[in-house]
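Take a look at the structure set out below.
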Amino acid sequence: MAKSRAEKSIGPSAPATVRLLPMQLQVGDRFVDASGEWEVIGRPYTTAGGKVARARVKLVTETAVTEIRLWAAHVRIAVRRA
């Protein structure tokens, strides 16, 4: 598979940022919002007939802080994968 222009300029050692649908999240993925950097610690699941996706996440700086985040199933999320 061909590398994107960003991957060529940054190099293979940097973590790649990809935009995914919430159901494509995997345990260990990280994303950033206004309240900080979050890491996915549970598999995503849907409710409301597949229209709402939820995943259990923890705050990277405060490991004791966990939440269940929800997204509309059609919204893409910018995620860093190691």
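Per-structure values
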{"item": "Low-density loop cleavage sites - trypsin sites (Lys or Arg not before Pro) in region 39-79, where at most 11 other Cβ are within 10 Å (DSSP)", "result": "Lys51"}
{"item": "Rounded, prolate or oblate (a/c below 1.5 giving rounded, otherwise prolate when a/b exceeds b/c) for region 14-77 by Cα gyration tensor", "result": "oblate"}
{"item": "Electrostatic dipole magnitude of region 14-77 [Cβ: Lys, Arg +1; Asp, Glu -1; Cα centre; debye, to 20]", "result": "300"}
{"item": "Ascending count of other beta-carbon atoms within 10 Å, so fewest first, for Ile77, Ile41, Ile68", "result": "Ile68, Ile41, Ile77"}
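A short reminder: the numbers here are calculations on the coordinates, not readings from a lab. Computed from a predicted model, the values in this text were never measured in an experiment. Quick reminder, even Gly has a Cβ in these numbers, built from the backbone with ideal geometry, and neighbours come from all protein chains shown.
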